[in-house]
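**Student:** The structure follows.
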Amino acid sequence: MPRKNSFATCLCSLIALACCGVALRAAPQPLDVMPAPSQVRTGAGRAALADGFVFTLSDPADARLILATGRFQARWNARSGLSHPGNAAPSALQVKVQTTSRAPEYPTGSEDESYELHVSAKGVILSAATDLGALHGLETLLQLPRRDGGSWSLQECDILDRPRFAFRGLLIDVARHWQPADVIRRNVDAMAVVKLNVLHLHLTDDQGFRIESRTHPELQTQGSDGHFYTQAEMADLIRYAALRGIRVVPEFDVPGHTTSWVVSHPELASLPGPYAIERWWGVFNPVLDPTKEATYALLADVLGEMAALFPDRMFHIGGDENNGVQWNANPVIQAFIREHGLHDNPGLHAYFNKRLNAILEKAGKRMVGWDEIANPQLPTDIVIDSWRGTEAIASSTALGFDCLRANGFYIDLCYPAASHYLADPVPDPSKLTQSQLSHILGGEATMWGEWVSPETIDSRIWPRTAAIAERLWSPASVTDVSDMYRRLATVSLRLDEAGALHLRYRDGMLRHLVGANLGFPGSESLRTVVDLLEPVKQYRRGTLQIWSNQLVPLIGLADATLPESDLARHFSEDVEAAVFAGTRADSAALASLRERLKAWNAAAADIDGIADVYPGVREAIVPAAGLRATAAAGIEALDALAAGRTLEPERAKAARAALDGASADSPSAVIVPLVPPVRLLVAAASAQDRRAALAPQAWQDLVRTLALPEKPPTHSKHYN
Ligand code: ACM
């Protein structure tokens, strides 16, 4: 990798190009690349892209790169409509890919993933120390073309890029809801687009044992409902990921979360069985008995064969959420604790983990587990996957453990991309020592599986996980939320192009609601209403849809809605701009907000009639009524703001009551995300008479305070 003087060289070549002139010129624009590269210099010229790309590899036998350039061409052709076979096109843009070494067949996490990309009218030079870096450079290159009128071009640029963290993961829980291999493959393709490099498969939990054991086939036979990966299928999947520069880290969650294991091995549970596969969500009592040698014999067999199947050195053993109920209730276990001087259940858990670590060490593995396994009795070369928060990271790194951050990246909570974007694997650098900082390896988005099916999972992962990918790849200083959203919209299309189904799933979900095709009158209104709703946040869905479990299909209104409504977010941004800019809101901005609310109110008004014909749409009646009430309150506030009139106290009170009503829980488990921005409108309208006397910040503080709901929403506790 030519690191030396590279930036100076780039700048000189840009200046040289500018002097000799290039085919196209345009003012440099910000690049839409996501994750944002470490360093970018853009030139004024553009490289025309009439015929696509032709690749020349410095290592023409590098299978990873040959295959990657083939996929690149297919994706580019599908986007551009330019279908020339790359190597025959006379005026295609030449791309020289220069690598100095090949990473191992299965990446280890310690390879150099940096790359340099130099784009000029003469062609593209992509150089990298390893083919993994070159893969990342190809993904960046594929994000650069812009269409201007009928023609494509690339802006001249020099990019120097390298990851901030070596571990950039996505956890997919395939235990709660089964996710077949093709779901995993398409999400691996999407991971590569945004430079994520570790797929963490949560393979076992109370609700399923999802991989073939050859030493103990009864585990999958009795614990999976027939839904598990064969070892051959898993080996293929691991190779598929490795060809895309992605490691696969398996998780076998023990000693808790093991109901599916003890269905076939009740003798290894801490209380007598029988046991059946768990169908519900939560933290359950069954936990392996750590006092029995037979437990370790089974684990040695199963983890031993899995250690051979999964080439990665990291091996995740879960270790979270043992509620202690079974250990407390078993006198033999409590006696064992006393006799071995283990003091308490955490002491017993540490004993169990030490035994497990010995099994894994023998198999050449590095044990990874959730926060609960952090214990000074364990060797410091284990890794802590931190789901509990920044204090857990601080205490584990202080104990000398390497750490990953999962907390803040729980995409199953259905929070907006911005909230994940602003979480950082390094919580507060000023509060950690240099040594602690050096123990933070990166982080991972967690797609827990209680509320996702193969049909919906892409829409819960993407595009929000691209924001997390940026947090894990790009410099810590890259934190501009509105720029992130601007690029997220583009990368969402790139993810679709790579095979993710987060955009294409929508029609299927709407068809579930109506049980028919979508050509019926009013279908656009249904689409609009669904676009304006979001699933409830955190784990509230489980408390609202108490009948739902693993056997109930995920085909309802909440499944059809996206975790983050773009319509509502844009509306909210425009409200903030209108209410907080200047001394009086801009009338065109207010009119545009009003137009939108009027149209959405009309769409929501159609829902009752649609629900008369299509019973599946009845779920939308209450949220649609909430949407109408919200729109009405917003329109009234906007009219007052436009007229410079203060909303009368009793009208403001009525509007707030309507908005509280629209925020009330309903069994459809969706929210109306327009409520918070409309609260701002009502607050601003009700305080109009005080605006002129207040400085901008004081005005903003007043409006935000007045807009707070009477009772903040309550959240149920986390579990997984
Ligand atoms: C977890 O969420 N219990 C790791």
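The values are calculated or read from the model by the stated rules, or taken from the named source; none is laboratory data. Quick caveat, the model's predicted, so the values are computed rather than measured. Here Cβ is always computed from backbone atoms with ideal geometry, including for glycine, and neighbour counts include all displayed protein chains. Remember, those area values only see protein heavy atoms, side chains included, never the ligands or the DNA or RNA. Shrake-Rupley method; radii C 1.70, N 1.55, O 1.52, S 1.80 Å.
**Student:** As a test, work out the antiparallel percent of DSSP beta bridges whose residues both lie in the chain, rounded to the nearest 5.
**Tutor:** Close to 40 percent.
**Student:** Could you order ILE238, ILE66 by accessible surface area, starting with the largest, using a probe radius of 1.4 Å?
**Tutor:** ILE66, ILE238
**Student:** Can you list the HN-Hα couplings for region 394-411, worked out from phi with the Karplus curve (6.51, -1.76, 1.60; θ = phi - 60°), rounded to whole Hz and with x for Gly and Pro?
**Tutor:** Per-residue couplings from phi come out as 4, 6, 5, 5, 5, 6, x, 8, 5, 9, 10, 9, 9, 3, x, 10, 7, 6 Hz.
**Student:** Further, regarding this structure: Would you mind working out the magnitude of the charge dipole of region 55-179 relative to its Cα centre, with +1 at each Lys and Arg C-beta and -1 at each Asp and Glu C-beta, to the nearest 20 Debye?
**Tutor:** Computed about the Cα centre, the dipole is about 420 debye.
**Student:** Next question, about the same structure. Sequence-distant or interchain residues sharing an amide H contact under 5 Å with THR56, placed H: which?
**Tutor:** Close amide H contacts, sequence-distant or interchain: VAL95, LYS96, VAL97.
**Student:** Same structure again: Which entries in the list LYS598/LYS653; LYS292/LYS365; LYS354/LYS431; LYS292/LYS362 go over 26 Å, if you measure between the two C-alpha atoms of each?
**Tutor:** LYS354/LYS431
**Student:** Output wanted: per-residue J couplings in Hz (rounded whole) for region 341-358, from phi through Karplus 6.51 cos²θ - 1.76 cosθ + 1.60, θ = phi - 60°, x for Gly and Pro.
**Tutor:** With coefficients 6.51, -1.76 and 1.60, one gets x, 8, 6, 7, 4, x, x, 5, 4, 5, 4, 4, 5, 5, 5, 5, 4, 5 Hz.
**Student:** Ignoring ligands, DNA and RNA, what percent of the 1.4 Å accessible area of region 109-151 is carbon and sulfur?
**Tutor:** Accessible surface attributable to carbon and sulfur in region 109-151 totals 47 percent.
**Student:** Go through region 39-117 and name the GluC sites (Glu not before Pro) that are in a DSSP coil and have 12 or fewer other Cβ atoms within 10 Å of their Cβ.
**Tutor:** GLU105
**Student:** To continue, here is another question. Report ³J(HN,Hα) in whole Hz for each residue of region 581-598, in order, from the Karplus equation J = 6.51 cos²θ - 1.76 cosθ + 1.60 where θ = phi - 60°; Gly and Pro get x.
**Tutor:** 8, x, 9, 8, 5, 5, 5, 5, 5, 5, 5, 5, 4, 5, 4, 4, 4, 5
**Student:** Further question on the same structure: About the Cα centre, and with charges only on the beta carbon of Lys, Arg (+1) and Asp, Glu (-1), how big is the dipole of region 367-439? Nearest 20 debye, please.
**Tutor:** 140 debye
**Student:** Still on this structure: Would you work out if the chain is rounded, prolate or oblate? Take a ≥ b ≥ c from the square roots of the eigenvalues of the alpha-carbon gyration tensor; rounded if a/c is under 1.5, else prolate when a/b is larger than b/c, oblate otherwise.
**Tutor:** It is oblate, given that a/c is not under 1.5 and a/b is not larger than b/c.
**Student:** Want the number for LYS354 to ILE277: 0.36 nm per residue separation, take away the alpha-carbon distance, what's left?
**Tutor:** Full extension from LYS354 to ILE277 adds 24.9 nm.
**Student:** A follow-up question, please. Straight-line reach only, C-alpha to C-alpha below 16 angstrom: list the aspartates and glutamates that LYS122 could link to, leaving out same-chain residues fewer than 8 apart.
**Tutor:** ASP51, GLU156, ASP158
**Student:** Long-range amide H contacts for ALA47: which residues qualify at under 5 Å (H placed 1.01 Å from N, peptide plane, sequence gap of 5 or more or a different chain)?
**Tutor:** Those qualifying (amide H under 5 Å, at least 5 residues apart or on another chain) are LEU154, GLN155, GLU156.
**Student:** Can you tell me the dipole magnitude for the chain around its Cα centre, using point charges on the Cβ only (Lys, Arg +1; Asp, Glu -1), in Debye to the nearest 20?
**Tutor:** Taking the Cα centre of the chain as origin, the dipole is about 1680 debye.
**Student:** Measuring from label point to label point, each 7 Å out along Cα→Cβ, what is the GLN334 to GLU267 span in nm?
**Tutor:** 2.6 nm
**Student:** For ALA74 paired with THR380, estimate the spin-label separation in nm (one decimal), with each label point 7 Å from Cα along the Cα-to-Cβ line.
**Tutor:** Each label point lies 7 Å from its Cα, and together they span 4.7 nm.
**Student:** Let me ask something else. How much accessible surface area, in Å² rounded to 10, belongs to the heavy atoms of HIS227 with a 1.4 Å probe?
**Tutor:** Solvent-accessible area, nearest 10 Å²: 80 Å².
**Student:** Shifting gears a bit: Mind checking which of SER110, VAL302, MET509 is farthest towards the positive end of the chain's charge dipole, using Cβ charges of +1 (Lys, Arg) and -1 (Asp, Glu) about the Cα centre?
**Tutor:** SER110
**Student:** Testing the spin-label approximation: label points 7 Å from Cα along Cα→Cβ at LEU518 and ILE66. State their distance in nm.
**Tutor:** 4.1 nm
**Student:** List every residue whose amide H lies under 5 Å from the amide H of ASP385, counting only residues 5 or more places away in sequence or on a different chain, with H placed 1.01 Å from N in the peptide plane.
**Tutor:** HN-HN under 5 Å from ASP385: GLY369, TRP370, ASP371, LEU404.
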